[in-house]
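**Q** Quick one: the structure is below, and I'll ask about it shortly.
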Amino acid sequence: MAFGNFVVDLGKALPLGATVTGEGINFAVFSRHASAVSLILFESADKKSPRTEIFLPKEKHKTGDIWHCSIRGLKAGTCYLYRVEGPYNPEKGFRYNCNKALLDPYAKAVTDISSWDLGKCLGYDPAASGRDLSYSYYDDTDEQPRCIVMDDDDFDWQGDRPLNYPLRFSVLYETHVKGLTACEGSGVEHPGTYRGVIEKIPFFKDLGVTSLEFLPIQEFNEREFPRINPRTGGTLTNYWGYSTVAFFAPKGSYAADQSPGGQVREFKEMVRELHKAGLEVILDIVFNHTAEGNEQGPTFSFRGLDNTIYYILNENQRYYQNFSGCGNTVNCNHPIVRSFIMDCLRYWVVEMHVDGFRFDLGSILGRDQLGRLMENPPTLELIAEDSVLSATKIIAEAWDAGGAYQVGWFPGGRWAEWNDRYRDDIRKYWRGDPGETQHLATRLSGSSDLYLRDGRKPFHSINFLTSHDGFTLRDLVSYNGKHNDDNGEENRDGGENNYSCNYGYEGPVINPAIDSIRERQVKNFIATLMVSLGTPMILGGDEIGRTQGGNNNAYCQDNEISWYDWSLLQKNTGLYRFVKEMIAFRRHHPGFMRPEFYTGHGGNYNAIPDISWFNEKGEVPKWDKIGYCLALRMDGSKADTLADQDDNDFFIMFNSGPKQVRFKVCDPMPGKKWVRSVDTGLRSPEDILGAGNEKTLLAPDSYLLKERSVVILISKVL
């Protein structure tokens with residue numbers, strides 16, 4: 001069929017988006033307040049390719065609030081946009097502009113956006129005195145990226161299904177698709193791509209993590225920050241990706257295959273191959289705002305389809321509520337938007353086979369249409385109770401930029417949460433802050449102060465010490481303050497409360513004494529994380545000592561500041577070995593993955609408590625007077641009550657103080673002896689001994705713990 005000779009049928013209102021049928025393609029888009037809608041079809045993805053516009057008379061092509069048509073003869077790969085007419089009255093919330101071609105919110109792929117100039121997408125005339133109250137007559141159709149029709153069935157999954165490991169058996173690894181392999185020394189054939197991730201599967205298998213949690217991979221415009229690096233003069237970009245353009249579409253520039261739609265096929269290949277290797281895929285997803293920004297932002301999708309429905313507006317509807325800190329806030333609990341969110345999540349699970357989601361600024365999903373926090377938000381409850389998502393991991397960042405802080409209180413039943421209380425308390429303890437030892441005990445035992453009261457379990461606490469947002473673990477022990485000058489904001493950006501310490505010198509050192517303290521502290525953090533009840537998450541690169549030079553907000557650094565330096569794997573072999581062995585240690589011992597909180601009551605036939613606490617003298621601690629030292633005895637009998645599985649007993653000692661301390665070691669069970677598995681005060685390879693290679697104690701009733709160190713003893717029959 002020659003381009004332009006289309007047979008247009010009425011089509012169907014559902015499903016929304018562009019759907020390949022036996023005869024062609026069905027198009028359906030929501031717009032309640034539009035007066036007219038046209039479908040724009042392009043001959044190809046080429047910017048200069050011919051186009052044709054198909055006007056959709058509402059008498060025939062509108063059902064309820066959905067505009068639709070079916071076009072016979074079209075196939076997957078077809079490129080399209082929408083043109084929507086309606087009222088332009090910003091003070092009433094309406095910002096329709098028929099001169100702005102619009103992306104379909106359900107688009108499953110988008111053409112190359114690397115040169116997309118969002119300034120051409122403004123719905124108003126920026127030179128006019130009224131700015132956003134004015135109207136733009138500039139037609140941006142030829143400059144817009146285009147939606148690409150995809151056939152969901154055109155991929156061989158080879159029997160793949162989501163893995164859906166239980167949270168308590170998981171070790172999460174937060175990483176960036178591009179930054180993982182973008183550096184020249186990454187050793188992959190396809191750097192910075194989904195295929196590059198596939199090439200790193202042997203590394204992940206060796207490390208022992210179970211799940212990769214990717215920073216946003218939904219299509220975003222990396223060129224939206226018009227800022228310059230004051231040191232290099234280079235243009236800064238949106239590296240992290242927290243500014244979504246198309247929620248159903250994988251990021252095109254992360255694909256080695258740059259053919260139209262290649263990003264979808266390559267993303268599926270990555271998921272399939274990761275699953276073959278036993279590795280889950282978790283997506284960081286950003287429903288709290290979009291890249292359209294505030295009233296001065298561009299119009300390229302939601303704003304031009306139905307601004308008053310998709311966004312939370314102020315009383316003066318010219319302006320946007322900004323609980324995201326990024327200009328706008330998605331109206332997540334409007335029924336239409338709620339359906340959009342659910343359709344999106346189901347698509348990524350059913351068609352893309354992902355295993356879970358981390359919801360950025362998740363508290364926004366609990367705000368009503370006036371921006372107020374709700375007691376029982378229907379969107380959060382629906383996500384938690386949805387039958388398709390019932391085995392899918394759902395992890396909330398339980399706060400937002402509007403002042404909501406819901407760690408331990410996040411509504412919706414089965415939600416897990418990023419536990420920043422864990423992060424801060426463990427950081428402060430190992431820094432040597434006074435009064436933090438009692439908080440260490442609470443975090444080690446699963447943060448029952450946060451999760452026990454509403455029936456959730458220890459594994460609902462996502463325990464982490466570092467993440468993309470903040471210092472790397474190496475920088476946490478190398479810098480007292482942030483060094484974000486390269487971000488072009490005069491070091492004003494980024495968090496101030498890092499609870500970090502440089503141990504005598506700011507930044508890199510050649511002093512072996514300082515370097516030794518720093519490496520020991522990194523090991524202390526990792527060891528603490530792996531023996532804490534809860535689900536551990538490590539920041540990718542921490543296992544090899546990755547540094548960002550003290551930048552704790554590298555959102556705009558798509559360069560060596562953020563990229564993995566794989567030469568560190570050889571330089572820091574001792575650190576890598578320690579992290580790898582600690583992950584193996586955790587996964588080998590069900591006691592640290594127990595499904596229930598400690599009770600403090602007898603767990604075996606001798607009525608030994610499941611956990612007991614001691615000071616260095618072997619006495620029950622006086623929590624309000626305890627110093628830097630703490631020990632715990634964990635009874636391993638019936639450690640996993642669900643699987644009726646026993647584990648070893650453990651005696652673990654912590655000393656965050658500046659002096660070595662001799663600990664009294666409690667007696668093991670009759671017929672057993674304590675053996676040393678971990679001592680971060682020793683150099684590699686003595687710092688951690690693999691299963692079967694543990695060493696008996698020279699003095700079984702005491703142990704000399706070096707300053708700033710942790711020791712793990714295991715009971716064994718010898």
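Values in this text are rule-based calculations from the coordinates and carry no lab data. Computed from a prediction, not measured in an experiment: that's the story for all the values here. Cβ: placed from backbone, ideal geometry, glycine included. Neighbour counts: every protein chain shown.
**Q** So how strong a dipole does the stretch 258-321 carry about its Cα centre when Lys and Arg Cβ are +1 and Asp and Glu Cβ are -1, to the nearest 20 debye?
**A** Numbers: 6 positive and 9 negative charges, 40 e Å.
Charge dipole of the stretch 258-321: 200 debye, to the nearest 20.
**Q** Sticking with this one: Just need the relative contact order of the stretch 104-183 here, percent rounded to a whole number, with Cα pairs under 8 Å and 6+ apart.
**A** Relative contact order here is 31 percent.
**Q** Moving on to the next point. What size of dipole, in debye to the nearest 20, comes out for the stretch 630-718 about its Cα centre when the only charges are +1 on Lys and Arg C-beta atoms and -1 on Asp and Glu C-beta atoms?
**A** Roughly 480 debye, rounded to the nearest 20.
**Q** Positive end of the charge dipole of the stretch 668-718 (Lys, Arg +1 and Asp, Glu -1 on Cβ, about the Cα centre): tell me which of 709, 681, 692 has its Cα farthest that way.
**A** 692
**Q** Which of the lysines could a cross-linker span from residue 276 if the Cα-Cα distance has to be under 25 Å and same-chain partners fewer than 8 positions apart are dropped?
**A** Partners found: 108, 178, 200, 205, 251, 268, 393, 580.
**Q** Roughly what % of DSSP beta bridges within the chain run antiparallel, to the nearest 5?
**A** The antiparallel proportion sits near 75 percent.
**Q** Just going by the charge dipole of the chain, with Lys and Arg at +1 and Asp and Glu at -1 on Cβ, which of 626, 357, 218 is farthest out on the positive end?
**A** Looking along the dipole axis, the top candidate is 626.
**Q** By counting other Cβ atoms within 10 Å of each Cβ, how are 594, 231 ranked from fewest to most?
**A** Taking fewest neighbouring Cβ atoms as first place, the list is 231, 594.
**Q** Follow-up question, since we're still on this one. Compute the normalised compactness of the stretch 548-703: alpha-carbon radius of gyration over 2.2 N^0.38 Å, N being the residue count.
**A** Values: Rg = 19.1 Å, N = 156, 2.2 N^0.38 = 15.0 Å.
Ratio of Rg to 2.2 N^0.38 Å for the stretch 548-703: 1.28.
**Q** Restricting the calculation to Cα positions, tell me the Rg (one decimal) and the Dmax (whole number) of the stretch 492-551 in Å.
**A** Just the Cα atoms of the stretch 492-551 yield Rg and Dmax of 13.2, 37 Å.
**Q** Which FRET efficiency, nearest 0.05, do residue 203 and residue 158 yield, Cβ-Cβ r, R0 25 Å?
**A** So the FRET efficiency works out to roughly 0.65.
**Q** So which lysines can residue 120 reach, going by Cα to Cα under 18 Å and dropping same-chain residues fewer than 8 places off?
**A** 47, 48, 100
**Q** Could you bin all the Cα-Cα distances of the stretch 30-126 into 10 Å bins starting at 0 and give me the percent of pairs in each, rounded to whole numbers?
**A** Result returned by the calculation: 13, 43, 35, 9, 0.
**Q** When only C-alpha pairs under 8 Å and at least 6 residues apart count, what is the relative contact order of the stretch 255-343, in percent?
**A** RCO, the stretch 255-343: 23 percent.
**Q** Dipole size in debye (nearest 20) for the chain around its Cα centre, Lys and Arg Cβ +1, Asp and Glu Cβ -1?
**A** Computed charge dipole of the chain: roughly 1420 debye.
**Q** Please name which of 116, 105, 240 has its Cα lying farthest along the dipole of the chain towards the positive end, using unit charges on Cβ (Lys, Arg +1; Asp, Glu -1) and the Cα centre as origin.
**A** Selected residue: 240.
**Q** Sorting check: for 420-426, 465-471, 480-486, which peptide has the highest mean count of neighbouring beta carbons within 10 Å, and how do the rest follow? If you can, show how the numbers build up before the last one.
**A** Details: 420-426: 21.4, 465-471: 23.1, 480-486: 18.0.
Descending packing order for the listed peptides: 465-471, 420-426, 480-486.
**Q** I need to check one value: relative contact order of the chain, counting alpha carbon pairs closer than 8 Å and at least 6 residues apart, in percent.
**A** Worked out over the chain, it gives 10 percent.
**Q** For the stretch 131-247, place one equal point scatterer on every Cα, skip the solvent, and apply the Debye formula. What is log10 of I(q)/I(0) at q = 0.11, 0.14, 0.16 Å⁻¹?
**A** Reported log10 I(q)/I(0), two decimals: -0.62, -0.92, -1.11.
**Q** Something else: Starting from the coordinates of the alpha-carbon atoms of the stretch 97-136, obtain the Kirkwood hydrodynamic radius over all distinct pairs and give the value in Å to one decimal.
**A** Across the stretch 97-136, the inverse of the average 1/r is 11.9 Å.
**Q** Pop out the Kirkwood hydrodynamic radius of the chain from its pairwise C-alpha distances, inverse of mean 1/r, in Å to one decimal. Don't skip to the end; give the middle numbers.
**A** Details: mean 1/r = 0.0368 Å⁻¹.
One over the average 1/r among Cα pairs gives 27.2 Å for the chain.
**Q** Counting other beta carbons within 10 Å of each residue's own, what order do 578, 225, 169, 410 fall into, fewest first?
**A** 169, 225, 578, 410
**Q** Moving on. Give me 669, 352 sorted ascending by neighbouring Cβ count inside 10 Å, so fewest comes first.
**A** Neighbour counts put them in this order, fewest first: 669, 352.
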